[in-house]
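Please read the structure below before turning to the comments.
The values are calculated or read from the model by the stated rules, or taken from the named source; none is laboratory data. Just so you know, these numbers come straight off a predicted model, no measurement behind them. A quick note on method: Cβ atoms are made from the backbone with ideal geometry, for glycine too, and the neighbour counts reach across all protein chains shown.
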Amino acid sequence: MVWNADTNYALGFYKVIGRFIGIWPLEYNRIPSIIRVIIFVATQVWFCIDLTMQVIFKGNCGTLPEVIDVLSWILVGFSTSVKMIFLTIYRCNMKTIMNTAITDWSTVDVPESRQIMLKFATVGRIGSVIQVCSAYSVCVLQITRCLPAITTTLNHQSNSTVPICIPLWPACWVPQNVFDYTINFINQSFLAIILVICYSGCESVFFGTAMHLSGQFEELYRNPKHLDGSGDYSQQLQQLVKFIERHKHLLILAKDFEETYNIIILVHVAVDVLIPCVSGQ
């Protein structure tokens, strides 16, 4: 597959982040990608189990917002694991879609079609960058607000007691032993970073792929106006056949995309509904 400047602009961001977590469709069958997926999924499963065990053994002794935060992180970790697993199961579908996307960018020769594709690629790129930056910002805030140096500074400036904390944990879970505190702080920070990387990566690939397919349907929608009866019968017939074949191909890609993300979207919606229900909002 040939990658030109437009292809790199439209798909390069997803390629970088997808390769890092092992879900880039064109490298699914490579051993390093499989190993990365296994490691990241195992890490997230451990993350969910660890927080769940903490809830069971230490109880929900924190405030309601703290308990809701813990539950939210558990559910996000679970949903992200499901996303990576299903993206691996349906890797052939995503590979077909991505190969088609690369072909589309390398063969487009109509300026109007290229502008349509670039418009949707820009929306996908901006949306994905916003998703990634937002997720990373939440993670950074969760970690930095619990750093001992910052906590000590706040305590000194306000001349009041500021309890130490660990990212993602209620204050009542924090161990009093310095060694245990340090180990748990590093462990939770590491797990939070891994979760955010995987979550934002999966969301970016989804959004970017959806935007490309949307752009192709939009470009196809603009094509029938060229079937205006001008030209001889054979030319019109060729254009009509080409239009029908392209429409059929896009419907197959849309079906592959729906099959890949059907359960993923269901789990995502269930998580989004469950959290407000539990919090009573």
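Contact map, the range 263-279: first residue part of a helix (DSSP H, G or I), second residue surrounded by 13 or more Cβ atoms within 10 Å (Cβ to Cβ) and modelled with pLDDT under 85, Cβ cut-off under 6 Å, separation 6 or more or different chains; pairs are Ser279/Ile68.
Scanning for something closer than 21 Å to Cys202 by Cα and touching a His at 6+ places or on another chain (Cβ under 7 Å), does the range 76-85 turn up at least one residue?
Yes, the conditions are met somewhere in the range 76-85.
For Val67, are the conditions met, namely being assigned to a helix (DSSP H, G or I), more than 30 Å from Val174 (Cβ to Cβ) and touching a residue at least 12 places away in the same chain (Cβ under 8 Å)? It is false that Val67 is assigned to a helix (DSSP H, G or I), more than 30 Å from Val174 (Cβ to Cβ) and touching a residue at least 12 places away in the same chain (Cβ under 8 Å). Does Ser204 satisfy the condition of being part of a helix (DSSP H, G or I), buried (at least 17 other Cβ atoms within 10 Å of the Cβ) and among the hydroxyl-bearing types (Ser, Thr, Tyr)? Yes: the conditions hold for Ser204.
Annotation note: of Leu11, Leu118, the sole residue that is at negative phi, of a type in the set (A, V, I, L, M, F, W, C), touching a residue at least 24 places away in the same chain (Cβ under 8 Å) and surrounded by fewer than 19 Cβ atoms within 10 Å (Cβ to Cβ) is Leu118.
Tell me, yes or no, whether the range 122-136 has at least one residue that is under 17 Å from His212 (Cβ atoms), among the aromatic types (Phe, Trp, Tyr), at pLDDT 80 or above and assigned to a helix (DSSP H, G or I). The answer is no; no qualifying residue exists.
The selection criterion, being buried (at least 19 other Cβ atoms within 10 Å of the Cβ), under 17 Å from Glu259 (Cα atoms) and not polar (S, T, N, Q), does not hold for Lys95.
What is the number of the single condition among (1) within 19 Å of the chain's Cα centre (by Cα); (2) of a type outside the set (Val, Ile, Thr); (3) closer than 28 Å to His247 by Cβ; (4) modelled with pLDDT under 90 that Ser72 does not meet? The single condition Ser72 does not satisfy is (3).
Every test in (1) assigned to a helix (DSSP H, G or I); (2) surrounded by 15 or more Cβ atoms within 10 Å (Cβ to Cβ) is passed by Pro32 save one, and that test is (2).
Cβ-Cβ contacts under 7 Å between residues 6 or more apart (or on different chains), taken from a first residue in the range 231-251 that is over 22 Å from Asn99 (Cα atoms) to a second residue that is surrounded by 10 or more Cβ atoms within 10 Å (Cβ to Cβ), are listed as Gln236/Leu227; Gln239/His226; Gln239/Leu227; Leu240/Leu227. Annotation: Ser81 fulfils all but one of (1) of a type in the set (Gly, Ala, Ser); (2) within 26 Å of Gly12 (Cβ to Cβ); (3) at pLDDT 90 or above; the unmet one is (2).
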